[in-house]
Amino acid sequence: AVTGETVEVVGGGVEVNTQNQELSNFVSGTQIRELPTLTRNPYDLVALAGNVSEGDPSARGTGLSINGQRAASTNILLDGSENVDAFSATVGQSVPLDSVQEFRVITNNFSAEYGRATGGIVNVGTRAGSNDFHGSLYEFYRGAGLTANSFDNNARGIPKGNFVRNQFGYFLGGPVMKDKFFFSTSTEWIRVRS
């Protein structure tokens, strides 16, 4: 009797780039919404990429140094278009975390199509509308009642400071004309009291 065996290989995990020599890290929308960030700023997640350090005190670019270059040497794109404040070399237009679909941090061998940068490229893609309505409504609360006092303050008998941060907003996307015209909108408010 002849027996047969089938082996199924399923890919996953690390994506191998076979089109060009570019080195990059991709962060999906699910990771963006589920990874913890203190300020819910999607640009904070650039630190997950390789060859990135927080050693640049200038707070320019995304506030991180890529490939040892100054943080101002990072080209920041929003949906493929330049998103850099030319005066301060910082993020031009901040976007709410819930409106981000994905982003890619390109750290090496990027092509001339990106221009401007010597350090790296950060390309943020926003969520788009579709034939179905979808959205989210959220509030994130950080308050002194949910935190502990620091060790040094406790040792010196200094009471815990008062700090309250409310970050709330929404995302909504859907059709205007089915299969032809879509919309998406997102707004976020931050209220800090300390």
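Closer than 30 Å to residue 181 by Cβ, modelled with pLDDT of 80 or more, β-branched (Val, Ile, Thr) and within 15 Å of the chain's Cα centre (by Cα): is that true of residue 105 in this structure? Don't jump to the end; show me each part of the working.
Working: closer than 30 Å to residue 181 by Cβ: no; modelled with pLDDT of 80 or more: yes; β-branched (Val, Ile, Thr): yes; within 15 Å of the chain's Cα centre (by Cα): yes.
The answer is no for residue 105.
Which pairs turn up if I take residues in region 37-53 that are more than 16 Å from residue 169 (Cα to Cα) and look for partners that are surrounded by fewer than 16 Cβ atoms within 10 Å (Cβ to Cβ) and among the acidic types (Asp, Glu) with beta carbon separation below 7 Å, at least 6 apart in sequence or on another chain?
The qualifying pairs are 47/54.
From the list 183, 140, which residue is surrounded by 14 or more Cβ atoms within 10 Å (Cβ to Cβ), among the aromatic types (Phe, Trp, Tyr) and at pLDDT 85 or above?
140
Determine, yes or no, whether residue 149 is assigned to a loop (DSSP other than H, G, I, E, B) and at pLDDT 85 or above.
Against the criterion (assigned to a loop (DSSP other than H, G, I, E, B) and at pLDDT 85 or above), residue 149 qualifies.
Between a first residue in region 142-157 that is free of Cβ contacts under 8 Å to residues at least 60 places away in the same chain and a second residue that is aromatic (Phe, Trp, Tyr) and open to solvent by less than 80 Å² (accessible area, probe 1.4 Å), which pairs have beta carbons less than 6 Å apart while being 6 or more apart in sequence or on different chains?
144/163
Could you tell me which numbered condition residue 183 fails, if it satisfies all but one of (1) without any contact (Cβ under 8 Å) to a residue 12 or more places away in the chain; (2) farther than 25 Å from residue 39 by Cβ; (3) among the hydrophobic types (A, V, I, L, M, F, W, C)?
(1)
Would you check if there is a residue in region 159-173 being open to solvent by 100 Å² or more (accessible area, probe 1.4 Å) and of a type in the set (D, E, K, R)?
Checked against the condition, which is being open to solvent by 100 Å² or more (accessible area, probe 1.4 Å) and of a type in the set (D, E, K, R), region 159-173 yields no hits at all.
Pick from region 81-109 the residues that are open to solvent by less than 50 Å² (accessible area, probe 1.4 Å) and part of a loop (DSSP other than H, G, I, E, B): which of them is farthest from residue 32 (Cα to Cα)?
Filtering region 81-109 for residues that are open to solvent by less than 50 Å² (accessible area, probe 1.4 Å) and part of a loop (DSSP other than H, G, I, E, B), the one farthest from residue 32 (Cα to Cα) comes out as 88.
Yes or no: region 152-164 includes at least one residue that is closer than 29 Å to residue 26 by Cα, assigned to a strand (DSSP E or B), in contact with a Gly (Cβ under 9 Å, 6 or more places away or on another chain) and not aromatic (Phe, Trp, Tyr).
no
Condition (residue is surrounded by fewer than 14 Cβ atoms within 10 Å (Cβ to Cβ), in contact (Cβ under 8 Å) with a residue 60 or more places away in the chain and not hydrophobic (A, V, I, L, M, F, W, C)) applied to region 110-119: is it met by at least one residue?
Yes, region 110-119 contains a residue that is surrounded by fewer than 14 Cβ atoms within 10 Å (Cβ to Cβ), in contact (Cβ under 8 Å) with a residue 60 or more places away in the chain and not hydrophobic (A, V, I, L, M, F, W, C).
When you go through (1) within 25 Å of residue 81 (Cβ to Cβ); (2) open to solvent by less than 60 Å² (accessible area, probe 1.4 Å); (3) of a type outside the set (D, E, K, R); (4) at pLDDT 90 or above one by one for residue 122, which number turns out not to apply?
With (1) within 25 Å of residue 81 (Cβ to Cβ); (2) open to solvent by less than 60 Å² (accessible area, probe 1.4 Å); (3) of a type outside the set (D, E, K, R); (4) at pLDDT 90 or above applied to residue 122, the lone miss is (4).
Does residue 54 count as over 15 Å from the mean Cα position of the chain (by Cα) and either modelled with pLDDT of 80 or more or not hydroxyl-bearing (Ser, Thr, Tyr) (or both)?
Working: over 15 Å from the mean Cα position of the chain (by Cα): yes; either modelled with pLDDT of 80 or more or not hydroxyl-bearing (Ser, Thr, Tyr) (or both): yes.
Taking the combined requirement at face value, the residue satisfies it.
The values are calculated or read from the model by the stated rules, or taken from the named source; none is laboratory data. Remember, predicted model here, so these are calculated numbers, not experimental data. As a convention, Cβ positions derive from the backbone with ideal geometry for all residues, glycine included, and neighbour counts pool all protein chains shown. Accessible surface areas use protein heavy atoms only, side chains included; no ligands, DNA or RNA. Shrake-Rupley method; radii C 1.70, N 1.55, O 1.52, S 1.80 Å.
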